[in-house]
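Student: Dropping a structure here in structure tokens format, bear with me for questions.
The values are calculated or read from the model by the stated rules, or taken from the named source; none is laboratory data. Everything quoted here is computed from the prediction, not taken from an experiment. Using ideal geometry, Cβ is built from the backbone for each residue, glycine included, and neighbour counts are taken over all protein chains shown.
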Amino acid sequence: MTREKPATHWWRSAVVYQVYLRSFADSSGTGTGDIRGLMDRLPHVVDLGADALWLSPWFRSPMHDGGYDVADYRDIDPTFGATSDALALIDRCHDLGLRVLIDLVANHTSTDHAWFRAAVGSPPGSRERQRYHFRPGRGEGGEDPPNNWISAFGGPAWTRIIEPDGTPGEWYLHLFSEHQPDLNWECPDVVTEFDDVIRHWFDLGVDGIRVDAASALAKDPDLPSVDLDLSRGFIPRDWPGTPFWDVERVHDLLRRWRAIADAYEGNRCLVGEVVVNTPDRFAAYLRPDELHSAFAFDLLHSPWDATEMRAAISRSLAVVEKDADNPATLTWVLSNHDEIRHVTRYAPTVARGGDCTVALDIGLSRARAALLLVLALPGATCLYQGEELGLPEVLDLPAELRRDPTFHRTAGAVLGRDGCRVPLPWSGDRPPFGFTAAEPWLPQPADWASLTAAAQRSEPTSTLALYRDALRVRRRLLGANDTALRWRESSPGTLVFDRPGALTCVVNVGAEPVVLEAEPVLLSHHQDDPMLLPPGCAAWLGWQRTDEDGGAPPSPAGPASTV
Ligand code: GLC
């Protein structure tokens with residue numbers, strides 16, 4: 001049955017475009033992107049057909065973690081502009097029909113935040129210290145960290161301070177870098193402050209909030225050591241419940257924030273970054289009075305393998321399908337500012353001319369196919385800036401230019417996330433490709449000339465053109481359609497499913513071409529015979545009734561076959 005989506009549930013099928021501000025467009029000649037630069041380039045996002053923007057943090061910050069270390073939650077960092085620019089951006093977006101989501105970094109502040117400075121300057125046990133997790137160290141002189149927790153960015157999760165009297169003193173907890181002290185959500189000051197921060201931004205007109213590191217927020221107040229093999233690294237997906245991740249108390253906070261969002265007009269929404277151990281734990285974050293949506297990372301973490309991809313999709317969908325009355329949904333995502341760009345992730349290493357190379361051409365084709373896949377799934381989709389240009393990960397950034405704390409905290413053992421944060425190429429045939437009038441904060445590869453937005457805009461077979469076409473077709477066919485996905489039997493290496501009433505999606509994840517047996521082909525991204533789908537390609541076919549719909553027998557995509 002084709003269900004109609006109430007207009008109030010815009011977030012159920014929105015295409016959200018993630019802007020990583022410092023790498024989007026620089027208007028002021030600093031080499032770092034800014035709000036005015038984004039405003040100048042908004043036509044790009046509108047032309048693409050996105051419904052909303054999600055802005056990575058734009059708050060005042062010393063930028064030890066690209067703005068995920070916030071020094072003032074109500075102020076805009078001067079590198080990005082002023083509050084008046086932020087307000088102008090929100091207005092302009094609304095005029096253009098784009099909603100605006102901002103990032104709420106509530107697990108930790110920056111060490112530059114007034115609260116943390118006050119805490120370091122106050123005695124142990126003071127109210128100022130209670131806003132964070134300060135503890136004495138273990139060992140005779142307190143020289144060992146209070147417990148064995150580790151940081152997601154490498155190394156221990158604790159740093160020792162020097163007390164105001166100049167002696168080594170207490171330790172503070174930071175699940176991320178030492179510049180990001182974790183807040184203590186048992187402390188009422190913290191709870192009320194963030195209520196106020198959320199209202200502040202809703203009052204200024206933002207339409208939604210991405211809840212950063214949602215599963216990290218609450219901690220077991222006893223902060224006990226864990227009995228886990230932490231030598232494998234920080235992998236909460238594999239941990240069955242720890243005192244520092246996915247702690248039950250987080251749900252009280254999410255319910256609180258949901259009530260705040262619901263008290264506003266305009267269908268404000270909360271989208272969470274939730275990484276947990278089981279589908280049931282994930283489902284808890286999407287209860288009707290918690291998050292409206294959460295990123296579906298399972299598919300992002302799947303290799304290019306039909307069985308694994310189908311399993312990831314089914315597992316994720318099962319979470320939101322089990323309660324038909326709960327409108328909460330998934331936000332599919334292939335790339336973001338934390339992950340290796342998917343063109344590179346999907347690129348196999350192949351032997352060519354005696355050398356082993358990363359086959360980016362294959363990676364790009366698969367990335368385009370993956371776009372048609374995610375856009376056809378029930379739920380929202382989040383695109384990461386630059387994926388519409390088919391940008392690969394930049395793997396060869398010099399060590400001295402890398403900024404990601406992960407790189408530094410692991411002494412270079414983990415390359416980190418700078419390679420997906422390289423500034424966008426807009427135009428021209430050499431760096432800085434229209435991004436800035438100065439030196440970009442991270443260098444762009446010299447060979448990105450053919451990937452610029454300008455080069456691709458008028459090229460009908462470009463990645464940019466495919467994104468534009470796909471978003472347009474999706475809006476027409478799936479905009480109001482709220483049907484569940486229905487898998488079709490298909491040969492190994494293929495994914496074939498219907499969105500009844502709208503389309504059939506066929507993805508060739510295998511190594512051989514697949515014959516399509518039904519027309520019309522609504523959209524595909526290969527140039528040859530439209531009825532023959534090469535490896536690493538996908539197509540959307542016109543939907544036809546099946547026996548299940550009480551209509552004609554199935555034919556789109558037929559049983560996939562090889563030639
Ligand atoms: C989230 C963000 C990431 C950041 C971390 C700490 O995972 O996506 O970029 O480093 O939280 O705030």
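Student: Name the residues in the range 445-459 that are more than 20 Å from Leu383 (Cβ to Cβ) and modelled with pLDDT of 95 or more, would you?
Tutor: If the condition is that a residue be more than 20 Å from Leu383 (Cβ to Cβ) and modelled with pLDDT of 95 or more, then Pro445, Ala446, Asp447, Ala449, Ser450 are the ones that fit.
Student: Enumerate the pairs (first residue in the range 404-420 and assigned by TED's automatic domain parsing to the domain that holds Ile340; second residue anywhere and acidic (Asp, Glu) and in a loop (DSSP other than H, G, I, E, B)) with beta-carbon separation below 6 Å, excluding pairs fewer than 6 apart on the same chain, so at least 6 apart or on different chains.
Tutor: Pro405/Asp65; Gly416/Asp404; Arg417/Asp338; Arg417/Asp404; Asp418/Asp404; Gly419/Glu393; Cys420/Glu393
So that you can scan it fast, the table gives a plain yes or no per residue for (1) surrounded by fewer than 21 Cβ atoms within 10 Å (Cβ to Cβ); (2) at pLDDT below 95; (3) not hydroxyl-bearing (Ser, Thr, Tyr):
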{"position": "Asp47", "(1), (2), (3)": "yes, no, yes"}
{"position": "Ala50", "(1), (2), (3)": "no, no, yes"}
{"position": "Leu55", "(1), (2), (3)": "no, no, yes"}
{"position": "Thr83", "(1), (2), (3)": "yes, no, no"}
{"position": "Ala86", "(1), (2), (3)": "no, no, yes"}
{"position": "Asn107", "(1), (2), (3)": "no, no, yes"}
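Student: Residues Arg499, Arg486: which one is crowded, with 21+ Cβ neighbours inside 10 Å and more than 19 Å from Ala367 (Cα to Cα)?
Tutor: Testing whether each residue is crowded, with 21+ Cβ neighbours inside 10 Å and more than 19 Å from Ala367 (Cα to Cα) leaves just Arg499.
Student: Which one of these is within 16 Å of the ligand (Cβ to nearest atom) and more than 22 Å from the chain's Cα centre (by Cα): Phe153, Phe116, Phe134, Phe176?
Tutor: On the way: Phe153 fails: more than 22 Å from the chain's Cα centre (by Cα); Phe134 fails: within 16 Å of the ligand (Cβ to nearest atom); Phe176 fails: more than 22 Å from the chain's Cα centre (by Cα).
Answer to the check: Phe116.
Student: Conditions: (1) in contact (Cβ under 8 Å) with a residue 12 or more places away in the chain; (2) within 16 Å of the ligand (Cβ to nearest atom). Ile235 meets all but one. Number of the miss?
Tutor: All conditions are met except number (1).
Student: A further question follows. Residue check, Trp171 against (1) without any contact (Cβ under 8 Å) to a residue 40 or more places away in the chain; (2) part of a loop (DSSP other than H, G, I, E, B), all met but one. Which one?
Tutor: Result: Trp171 fails condition (2) only.
Student: Quickly run through the range 486-505 and pick out the residues that are among the charged types (D, E, K, R) and part of a loop (DSSP other than H, G, I, E, B).
Tutor: Arg488, Glu489
Student: Right, something else. Would it be correct to say that Ala438 is closer than 21 Å to Gly33 by Cβ and surrounded by fewer than 17 Cβ atoms within 10 Å (Cβ to Cβ)?
Tutor: Here the answer is yes, as Ala438 does meet what is asked.
Student: So Val211 ticks every box in (1) closer than 27 Å to Arg256 by Cα; (2) free of Cβ contacts under 8 Å to residues at least 12 places away in the same chain but one. Which box is left unticked?
Tutor: The single condition Val211 does not satisfy is (2).
Student: Something else: How about the range 317-425: which strands (runs of 3 or more DSSP E) wholly inside it have at least 3 residues that are over 15 Å from the mean Cα position of the chain (by Cα)?
Tutor: Of the strands (runs of 3 or more DSSP E) lying wholly inside the range 317-425, those with at least 3 residues that are over 15 Å from the mean Cα position of the chain (by Cα) span 349-352, 355-358.
Student: Please work out if Thr329 is at pLDDT below 95 and of a type in the set (Ser, Thr, Tyr). Even if it seems obvious, please write down each step before you answer.
Tutor: Details: at pLDDT below 95: no; of a type in the set (Ser, Thr, Tyr): yes.
Criteria not met by Thr329.
Student: Sticking with this structure for a sec: Failed condition for Phe433, given (1) away from the ligand (no atom under 16 Å from the Cβ); (2) touching a residue at least 24 places away in the same chain (Cβ under 8 Å), with all others met?
Tutor: That leaves (2) as the condition not met.
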